[in-house]
2 protein chains.
Amino acid sequence: MPPKSDPFTNSVWLRPPRTRGEQPSLSREQIVRAAIELLDAEGLAGLSMRRLGTRLGSGTTSVYWYVTNKDELLELAVDEVMGEVYVPEVGDTSWRIGASVLTAGTREMLLRHPWVIGLLGVRPNYGPNAMRIGDRTVALLSAAGFSGLELSHASALLTSYAIGSATTISAMVTSMRQSGMSMTEIAAKLEPRLERIASEHPHYAKWRQEVGGAAYVPERIWDESFTFGLDRLLDGLEMWLDRPDR
Amino acid sequence: MPPKSDPFTNSVWLRPPRTRGEQPSLSREQIVRAAIELLDAEGLAGLSMRRLGTRLGSGTTSVYWYVTNKDELLELAVDEVMGEVYVPEVGDTSWRIGASVLTAGTREMLLRHPWVIGLLGVRPNYGPNAMRIGDRTVALLSAAGFSGLELSHASALLTSYAIGSATTISAMVTSMRQSGMSMTEIAAKLEPRLERIASEHPHYAKWRQEVGGAAYVPERIWDESFTFGLDRLLDGLEMWLDRPDR
DNA sequence: ACCTCCGCTCGTACAGCGTGCGAGATTTCT
DNA sequence: AGAAATCTCGCACGCTGTACGAGCGGAGGT
């Protein structure tokens, strides 16, 4: 027997914020904003309901009047930062540039708020901002020549790449932050281990020699790598659009 | 001042398992296996050190002899399941099929062990299996004609897509499991909301009409979507390889 | 044979977590 | 004025990761 109240019919997005007058000292919006600040500063583990209460200057459990539980608060926070993603208007640019801006923007948002990444795999997002992005993405890809299921496949390809790319980088940035070292310092510490690994993995060793230390230079390479992949991906989509037999 | 012992020079992979004779009733290998079983069955939240101890038939904190903390255990678990990913030998197939098998295999591994997804963004992986995959991927792409930084860009593109694609699907599967409903049941519950959303988002509404209910049929569509994206992506890479001016 | 040490197990304890509950305060409606 | 709604929050429960140190059994040295 399914639970009496499931998360699909009983969702945050269907419930109006619990505030009518101007009196109350808290509001859903303010709570979400404070939560995002905590999350940005200290990551998922840094957000506890107690700390959130303290930061808002209220009691430990006051937040529970506006939000039924922590999961729901995170759902609100995720959609809030989704609002930072800009999807170009149809007609403002070519679809290629439009898709490029969308994908890069999504990736950048995820890198600004790395805690989102850990939440994306847990529950799908039906918040208003996610929906707005979806709608405008349809417009963009539709104008490009996609339709039906292929349109959603193309859209999934773009967002998957943005998410995956951000995930890899987030892992490194997080470990940088936690260790308090720069990427080059980490590379130096890792050096002997990588050397030993190279001695057991001939192909890796050969590649390592080809690129020298270049692979461990920080952000610039990550951006280059993302752009390279994005260009290949857009090439592939364009090629499909140009196919006579589709 | 950085911490005295950082995670890069002092890593699980550099410390031999704490066992010499045959006496002890526990072993690192056995612990990791049990942890993975718990994680597969109940997700990240389902693994606690106490439950792990109970499942192994030992005391609450016995595990701490073999593993310094939970994070390290998770690191071991992640690399263990990385061992399930098969990277085709060079020469066995074309590079295209090789890359295809690698990417699909990674995605399938992630869908078998969805908890891995939540961990990928937290810390990079330098375990032996990750290294083996890396080495063989270099071999594969090197034989295809990639070299230097472009090789690692191409490799990043493939794994990013595998990760991102698995993330989206994992979100849906997880929410299916938690609600105990099938995807079609969820779609039915969601229907009125989506309809209202469609009424406010014209492009989405138009697309919705195009595909009808097809978009909410479960796994088959997901696989089709992944394959579509993968093919576009490989087309793009192939195109780059064929460029005269690279 | 005894002692010492080492590898290993695990009970206890502590600080922190999410949150259900209900008492209380305050504002609004009748 | 009295009742009802709205909102705040202290307390308590059961859970978490893990530091610490007591205790156990077998191996090696004397």
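Between B:91, B:212, B:236, the residue with the greatest mean-square fluctuation in the GNM of chain B (Cα pairs under 10 Å linked by springs) is B:212.
From the square roots a ≥ b ≥ c of the eigenvalues of the alpha-carbon gyration tensor of the protein assembly as shown, which class results: rounded (a/c under 1.5), prolate (a/b over b/c), or oblate? Oblate shape, in that a/c is at least 1.5 and b/c is the bigger or equal ratio. Among B:190, B:52, B:120, the largest mean-square fluctuation in a Gaussian network model of chain B, built with springs joining Cα atoms closer than 10 Å, belongs to B:190.
Relative to the dominant Cα principal axis of chain B, helix B:95-112 is inclined by about 70°.
Starting from the label point of residue B:212 at 7 Å along Cα→Cβ, the same points in the other copies fall at 6.1 nm, in ascending order. For residue B:69 and residue A:245, a Förster radius of 60 Å and the Cβ-Cβ distance give a FRET efficiency of 0.60, rounded to the nearest 0.05. Across region A:178-211, the residues whose backbone nitrogen lies under 19 Å from the label position 7 Å along the beta-carbon direction of residue B:129 are A:201. Angle, helix B:148-179 long axis vs. longest principal axis of chain B, Cα atoms, 0 to 90°, nearest 10? For helix B:148-179, the angle is close to 90 degrees.
Take residue B:89, push a point 7 Å out from Cα through the beta-carbon direction, and compare it with the same point in every other copy: 5.9 nm, smallest first. Counting only Cβ charges, +1 for Lys and Arg and -1 for Asp and Glu, the dipole size of region A:175-246 around its Cα centre is about 360 debye. Only one residue of A:226, A:192, A:212 has its Cα farthest out toward the positive end of the dipole of region A:164-246, where Lys and Arg carry +1 and Asp and Glu -1 on Cβ, and that residue is A:192. Residues considered: A:124, A:218, A:202. Largest GNM mean-square fluctuation over chain A, using C-alpha springs under 10 Å, is found at A:202. The distance separating the Cα centre of region A:143-210 from that of region A:121-141 comes to 25 Å.
Remark: chain A carries a charge dipole of roughly 840 debye about the Cα centre, counting +1 on each Lys and Arg Cβ and -1 on each Asp and Glu Cβ. Residue-wise HN-Hα couplings along region B:41-50, as the Karplus relation 6.51 cos²θ - 1.76 cosθ + 1.60 with θ = phi - 60° gives them from phi, are 6, 10, x, 3, 5, x, 9, 10, 4, 5 Hz; Gly and Pro carry x. Across peptide A:39-46, the mean count of Cβ atoms from other chains lying within 10 Å of each residue's own Cβ comes to 1. Once the Cα atoms are used to define both axes, helix B:183-200 deviates from the longest principal axis of chain B by about 50 degrees. Partner aspartates and glutamates whose Cα lies under 13 Å from the Cα of residue A:189, excluding those fewer than 8 positions away in the same chain, are identified as B:6. The dipole here belongs to the protein assembly as shown: it is taken about the Cα centre, uses +1 on the Cβ of Lys and Arg and -1 on the Cβ of Asp and Glu, and is about 1640 debye. Ranking A:104, A:125, A:83 by Cα position along the charge dipole of region A:1-145, where only Lys, Arg, Asp and Glu carry charges on their C-beta atoms, puts A:125 farthest toward the positive end.
For the residues of A:123-129, the average number of beta carbons from a partner chain within 10 Å of their own beta carbon is 4.
Legend: mean number of C-beta atoms from other chains within 10 angstrom of residue C-beta atoms, peptide B:237-246, equals 2. If R0 equals 60 Å, the separation of the Cβ atoms of residue A:9 and residue B:97 corresponds to a calculated FRET efficiency of about 0.85. Which FRET efficiency value, to the nearest 0.05, do you get for residue A:196 and residue B:86 by plugging their Cβ-Cβ distance into 1/(1 + (r/R0)^6) with R0 = 30 Å? Plugging the Cβ-Cβ distance into 1/(1 + (r/R0)^6) gives 0.75.
Readers should treat all values here as calculations from the given coordinates under stated rules, not as data from a laboratory. Nothing here was measured: the structure is a model prediction, and the numbers come from that model. Virtual Cβ from ideal backbone geometry, glycine too; neighbours counted across all protein chains shown.
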